[in-house]
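Below: one structure, written as structure tokens.
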Amino acid sequence: MHRNIQSVPFGYEPPVEKRKGTLIYYDTFEQTTEVELDLAVKSMEHYSFDKLVLYPLHEETVRRMLNEPVSAFHKREKRLFQWRNERNYTQVVVEGLEGKRKKYTPMDSALRLIEEKYKSPYFLYITPETANLFASYSSFEEWIVKIRLLLNAEPTVLHPMLERYQHRWAVNNLL
């Protein structure tokens, strides 16, 4: 077996990573404006995250979760890629899992994929409506200890589970 031997000067300490973790923007991106996307990038930089993952939802997922009409997945995904390329954001990733699956993807499955693929700690950047919906799922308690929530707006109504885990979420203070 071949070994790679590295020599370092006495007292060398590796540089401390200044950026860590992943900010996941989980949304339909139907009504999301470029200003809101730029705000998500500013949040990523403010909180020193390594990556911002844009996770657009497939039409079937939106139909089951939110029951609202949305345009085709590929159109919303294309708009996100154009926005990212126009601004030359290298730390922004558009996750295309739902486009490949072409069907309903439960939030648990999406979070498991993100957990396998990206670096922890994980912050989920979502709307207050999606946070309330997420809190209503039976697996919420399992996930809320692994991730933190960052809401893009002040919630008007709170689910009881969100009230219970109030220390695990915050409203984006860059608003």
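The values are calculated or read from the model by the stated rules, or taken from the named source; none is laboratory data. Keep in mind it's a predicted model, so treat the numbers as computed, not measured. Positions of Cβ are backbone-derived with ideal geometry, glycine not excepted, and every protein chain shown enters the neighbour counts.
Among the numbered conditions (1) under 24 Å from Ser120 (Cβ atoms); (2) within 19 Å of the chain's Cα centre (by Cα); (3) modelled with pLDDT under 90, the only one that Pro15 does not meet is (2).
Against the condition closer than 20 Å to Asp108 by Cβ and out of contact with any helix residue (DSSP H, G or I) (no Cβ under 8 Å at 6 or more places or on another chain), how does Glu36 come out, does it pass? Steps first, answer last, please.
Details: closer than 20 Å to Asp108 by Cβ: no; out of contact with any helix residue (DSSP H, G or I) (no Cβ under 8 Å at 6 or more places or on another chain): yes.
No; evaluated as a whole, the condition is false for this residue.
Identify the residue in segment 1-38 that is part of a helix (DSSP H, G or I) and free of Cβ contacts under 8 Å to residues at least 60 places away in the same chain and, among all such residues, is surrounded by the fewest Cβ atoms within 10 Å (Cβ to Cβ). Across segment 1-38, the extreme among qualifying residues is Val35. Here Glu68 meets the list (1) acidic (Asp, Glu); (2) at pLDDT 90 or above; (3) surrounded by fewer than 16 Cβ atoms within 10 Å (Cβ to Cβ) almost entirely, failing just condition (2).
Take the residues of segment 39-60 that are within 25 Å of Asp108 (Cβ to Cβ) and more than 14 Å from the chain's Cα centre (by Cα): which is surrounded by the most Cβ atoms within 10 Å (Cβ to Cβ)? Step through it out loud before you land on a result.
The first filter runs over segment 39-60 and keeps only residues within 25 Å of Asp108 (Cβ to Cβ), leaving 40, 43-44, 47, 49-60.
Next, from what is left, pick out any that are more than 14 Å from the chain's Cα centre (by Cα): 58-60.
Working: His58: 23, Glu59: 19, Glu60: 15.
Per the criteria, the residue is His58.
Results for (1) within 16 Å of Met44 (Cα to Cα); (2) in contact (Cβ under 8 Å) with a residue 60 or more places away in the chain, shown as yes or no for each residue.
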position	(1), (2)
Met65	no, yes
Pro69	no, no
Lys75	no, no
Glu98	no, no
Lys117	no, no
Tyr125	yes, yes
Pro128	no, no
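The C-beta contact set for segment 148-163 (first residue in contact (Cβ under 8 Å) with a residue 40 or more places away in the chain and under 21 Å from Ile24 (Cα atoms), second residue in a loop (DSSP other than H, G, I, E, B) and of a type in the set (Phe, Trp, Tyr), distance under 9 angstrom, 6+ apart or interchain) comprises Leu150/Tyr47.
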